[in-house]
Amino acid sequence: MSTAVVIEAPGEHRLTAHTPREPEAGEALVRVHAVGICGSDREVYQGNRPEGYVRYPLTPGHEWSGTVAAVGAGVPDALVGRKVVGEGFRNCQVCDRCHAGETTLCSAGYEETGFTQPGAMAATLTLPARLLHVLPDDSDLTAAALLEPAACIAAAAIKANALPGERVAVVGTGTLGMFAVQFLKAGSPAELLVVGTRSDREALSRQYGATDFRTKDQLLPDDFDVVIETAGSADAARTSAALLRRGGRLVLTGIPAPGAHGLDPTDLVVRQLEVHTVFGAPPDAWAHTVRVFAAGLLDPLPLVTHELPLQEFPQAIELVGSGDPKVGKVLLRP
């Protein structure tokens, strides 16, 4: 019997029998291969996610990969049997932000797979087929389960617009940080600095293309063209801004706890810094991610340290929040 994880309320979950929902018009039914767990899933379980950004009871799971098993009316039959990943934001497609391609800013309100809509911690997932991105037939679906966080960083890389030969840096050495290194490396930078808190991440950072690695308590430069921040710590934004030359470009992706040390507006104005932020990934970032992955320029597998059956959801949640440096990306296998 197939199962699904259901979080009834903060701190309360159960494993329940899962019956696939047949796809309606415009939908696809996907057999889930693997689903990743990130800090936001832990927030859902603990009840720390902001009001309006979660709806209980809920099957979580927004980072996933799978194979299309069936399609509804109006969806090409050729999609059946294809390996896919999928966007999370359930945008309305008719507001001005959606028409501009900024689907994560949909003015109809927030709806996202795994937070307000059923997610992938189940044997199957039924969702609008328009959200799917088809992968090459020889793709590794375990690696592809990490393409959702990669797409968020692709959105940051697009906004950063780093040009070949520029000096670029990444602040943060978690999953997002390691994807940022890979996207920036693909753009042929003159230098690629990684700044983190853990010296044990240096080897992996260099494996992915970093030319220098420093912990944030070491002396840091102040003349980089582009910085992508992925840490989400209380002082990450200021650390990132301090790395930039006058007129440099900063993209913030981390979400710190309330009360974090914000950017100094005087510093922003006087040094004419260009600041962007990212929350989720719009379609162009997803399409870019799939292209880069298909080209062999993203290597997610070294980030995966644990693969557990769906029944071990509680253990997986504990691993993600353990702070153990040996714990990287945790995947569940339905």
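Annotations for the structure displayed:
- Taking other residues whose beta carbon is less than 11 angstrom from the beta carbon of residue 107, and scoring Lys, Arg as +1 and Asp, Glu as -1, yields -1.
- Dipole magnitude of the chain about its Cα centre (Cβ charges: Lys, Arg +1; Asp, Glu -1), debye to nearest 20: 220 debye
- Assuming charge only on the beta carbon of Lys and Arg (+1) and of Asp and Glu (-1), the dipole of the range 146-204 about its Cα centre is about 60 debye to the nearest 20.
- Extension gain, residue 220 to residue 238, is 5.2 nm, computed as 0.36 nm per intervening residue step minus the present C-alpha separation.
- Å² of accessible area per residue within the range 240-315, as computed with a 1.4 Å probe and no ligands counted: 50 Å²
- Eligible lysines near residue 83 by straight Cα distance, threshold 22 Å, same-chain separation 8 or greater: 329
- The residues of the range 33-150 present an accessible area of 38 Å² per residue when probed at 1.4 Å with all protein chains retained.
- Taking a ≥ b ≥ c as the square roots of the eigenvalues of the Cα gyration tensor, the chain is prolate, since a/c reaches 1.5 or more and a/b is larger than b/c.
- For the range 132-144, 3J(HN,Hα) per residue [Karplus equation, 6.51 cos²θ - 1.76 cosθ + 1.60, θ = phi - 60°, Hz, x = Gly/Pro]: 7, 10, 7, 9, x, 4, 8, 5, 7, 5, 5, 5, 5
- Counting protein heavy atoms only, the chain has 52 percent of its accessible area on carbon and sulfur, 1.4 angstrom probe.
- Alpha-carbon centroid distance for the pair the range 39-86 / the range 295-314, whole angstrom: 17 Å
- Gyration tensor verdict on the range 149-212 (Cα atoms; rounded if a/c is under 1.5, prolate if a/b is larger than b/c, oblate otherwise): oblate
- Within the chain, longest stretch clear of exposed GluC sites (Glu not before Pro) (DSSP loop, no more than 13 other Cβ within 10 Å): 52-334
- Relative contact order computed over the chain (Cα-Cα under 8 Å; 6+ residues apart), in percent: 19 percent
- Summing Lys and Arg as +1 and Asp and Glu as -1 over all other residues whose Cβ lies under 11 Å from the Cβ of residue 177 gives a net charge of +1.
- Using the rule -39500 (n - 2.57) for each DSSP H run of four or more residues, divided by the residues of the chain, the 222 nm mean residue ellipticity is -6500 deg cm²/dmol.
- Environment charge at residue 47 (Cβ cut-off 12 Å; Lys +1, Arg +1, Asp -1, Glu -1): -2
- Span-rule helices in the chain, defined as complete DSSP H runs reaching 18 Å or more along the axis (Cα) with Kyte mean at least 0.5: 147-160
- Only beta bridges with both residues in the chain are counted; by DSSP, about 50 percent of them are antiparallel.
The values are calculated or read from the model by the stated rules, or taken from the named source; none is laboratory data. Quantities reported herein were computed from a predicted structural model and do not represent experimental measurements. Counting neighbours? That spans all protein chains shown, and the Cβs are built from the backbone with ideal geometry, glycine included. Calculation scope for accessible area: heavy atoms of the full protein, side chains included, ligands and nucleic acids excluded. Shrake-Rupley method; radii C 1.70, N 1.55, O 1.52, S 1.80 Å.
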